Amino acid sequence: MNRLRDIWPHEAVDFSPWIAEHLDFWSDMRTKLIAAKVYPVLPPPSNSGGFSIPFGVPGVTLSLRHNSSAGSVSVFLYIPANLVDRFFPALLSRKNEIDTKIGQPLHWEQNPSTKGRTISLTRPVTLTDEVQRQHALDWLTESAVSFRTVLLPIFNES
């Protein structure tokens, strides 16, 4: 519990098991991303089911998420509506190359009824299993690093 107080020092917080699990997981995730030295700005860990990182392009964020009801972790690159026309066509035109460099097919959200666009990966996991938890942290770190190293140069070219 002291580690949780260091992570989330706000007064009068009752750490339910769900909140404690998420704070601990996202704190470990942040530590791994710091060690990877790819993202220069990392926010403090969250007590929610996600962790959002500035991607390196103003307005574009990379979100790492855990969905306990679906039993999965995901990486979502979100391109807001005001940047879709500028970036999404260039990314989509290189979809096969990007999927190959990332090492697996990405989910490309192109639904015309939505304003922003997402590019994502999802993996099943049970965070209460310590081995799966460590694998999830490794996979999220590798995916977050891959998204930045593969996609950021394409954003910079656009």
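Values quoted throughout were computed directly from the atomic coordinates according to the rules given, and no laboratory measurement underlies them. Quantities reported herein were computed from a predicted structural model and do not represent experimental measurements. Quick reminder, even Gly has a Cβ in these numbers, built from the backbone with ideal geometry, and neighbours come from all protein chains shown.
Things worth noting here:
- Index of the failed condition, E157 passing every other in (1) surrounded by fewer than 16 Cβ atoms within 10 Å (Cβ to Cβ); (2) of a type in the set (D, E, K, R); (3) farther than 21 Å from I79 by Cα: (3)
- Single match in T61, T31 (criterion: out of contact with any Phe, Trp or Tyr (no Cβ under 8 Å at 6 or more places or on another chain) and surrounded by fewer than 19 Cβ atoms within 10 Å (Cβ to Cβ)): T31
- Qualifying positions in the range 108-147 - under 15 Å from the mean Cα position of the chain (by Cα) and of a type in the set (D, E): D138, E142
- A Cβ distance below 7 Å, combined with a sequence gap of six or more or placement on separate chains, defines the contacts here; from the range 18-37, residues that are of a type in the set (S, T, N, Q) reach residues that are part of a helix (DSSP H, G or I) and surrounded by 14 or more Cβ atoms within 10 Å (Cβ to Cβ) in the pairs S27/I7.
- Entry remark, the range 64-83: residues being in contact with a strand residue (DSSP E or B) (Cβ under 8 Å, 6 or more places away or on another chain), crowded, with 16+ Cβ neighbours inside 10 Å and of a type outside the set (S, T, N, Q) number 9 in total.
- Of the criteria (1) within 24 Å of K32 (Cα to Cα); (2) part of a helix (DSSP H, G or I), which one I119 fails: (2)
- Qualifying residue in the range 132-142 (condition: out of contact with any Asp or Glu (no Cβ under 8 Å at 6 or more places or on another chain), closer than 15 Å to K32 by Cβ, surrounded by 14 or more Cβ atoms within 10 Å (Cβ to Cβ) and among the polar types (S, T, N, Q)): yes
- Residues of the range 103-131 satisfying the condition of being small (G, A, S), surrounded by 15 or more Cβ atoms within 10 Å (Cβ to Cβ) and over 20 Å from G71 (Cα atoms): G116
- Some residue of the range 82-98 being under 27 Å from T31 (Cα atoms) and within 19 Å of the chain's Cα centre (by Cα): yes
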